[in-house]
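Read through the structure below, which is laid out as structure tokens, and then see the notes.
The values are calculated or read from the model by the stated rules, or taken from the named source; none is laboratory data. Since the model is a prediction, treat every value here as computed from it, not as a measurement. Ideal geometry is used to build each Cβ from the backbone, glycine not excepted, and the neighbour counts take in all protein chains shown.
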Amino acid sequence: MGIWATGAGAAELFEALGLGLYALMTDLRKVRPSQERAVSASGEDAPALVVAYLTELLQLKEADGFLARQVHVRPLGDPPTALVASLRGEPFDPARHVAHVDVKAVTFHELEFDPSRGRARVIVDI
């Protein structure tokens, strides 16, 4: 299973990938942006940063049950090798949130991250 994203630059691609990850796990329309979380990630290059970032989001969901509805990312470097992200959402509530796919890990398999062309693709293990 994978996430395909489009965006006008690295920040929009990271934001779309983050929302895409959460959309695999639940119906984002039912997630309220009532709480805020911050995450940071770094990697030796852009693909490593993508995996590190999405892994941080996955760990936030696993540790706190947190689901994001809004994601704002500030990439650092050109090409980016670090980022800080602000997430708005809430913890998973089985009474309101539907559990879709249980994402186990983010992979490098066929990973594409191309801000100049405005597209990205990430395959996840389920």
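Among the residues of the range 7-50, those that are touching a strand residue (DSSP E or B) at 6+ places or on another chain (Cβ under 6 Å) and acidic (D, E) comprise E15, E36.
All of R29, R69 fail the test of being of a type in the set (K, R) and in contact with a Gly (Cβ under 8 Å, 6 or more places away or on another chain), apart from R69.
Of all residues in the range 82-99, those satisfying the criterion of being among the aliphatic types (A, V, I, L, M) and either modelled with pLDDT under 95 or assigned to a loop (DSSP other than H, G, I, E, B) (or both) are A95, V98, A99. Taking residues in the range 100-118 that are in a loop (DSSP other than H, G, I, E, B), and partners anywhere that are polar (S, T, N, Q) and surrounded by 14 or more Cβ atoms within 10 Å (Cβ to Cβ), the pairs with Cβ atoms closer than 7 Å and at least 6 places apart or on different chains are H100/T26.
Any residue that is assigned to a strand (DSSP E or B), exposed (fewer than 14 other Cβ atoms within 10 Å of the Cβ) and either hydrophobic (A, V, I, L, M, F, W, C) or out of contact with any strand residue (DSSP E or B) (no Cβ under 8 Å at 6 or more places or on another chain) (or both) - is there at least one of those in the range 51-71? Among the residues of the range 51-71, not one is assigned to a strand (DSSP E or B), exposed (fewer than 14 other Cβ atoms within 10 Å of the Cβ) and either hydrophobic (A, V, I, L, M, F, W, C) or out of contact with any strand residue (DSSP E or B) (no Cβ under 8 Å at 6 or more places or on another chain) (or both), which makes the answer no. Total residues in the range 75-125 satisfying the condition of being out of contact with any His (no Cβ under 6 Å at 6 or more places or on another chain), surrounded by 11 or more Cβ atoms within 10 Å (Cβ to Cβ) and either under 16 Å from V39 (Cα atoms) or among the aliphatic types (A, V, I, L, M) (or both): the figure is 21.
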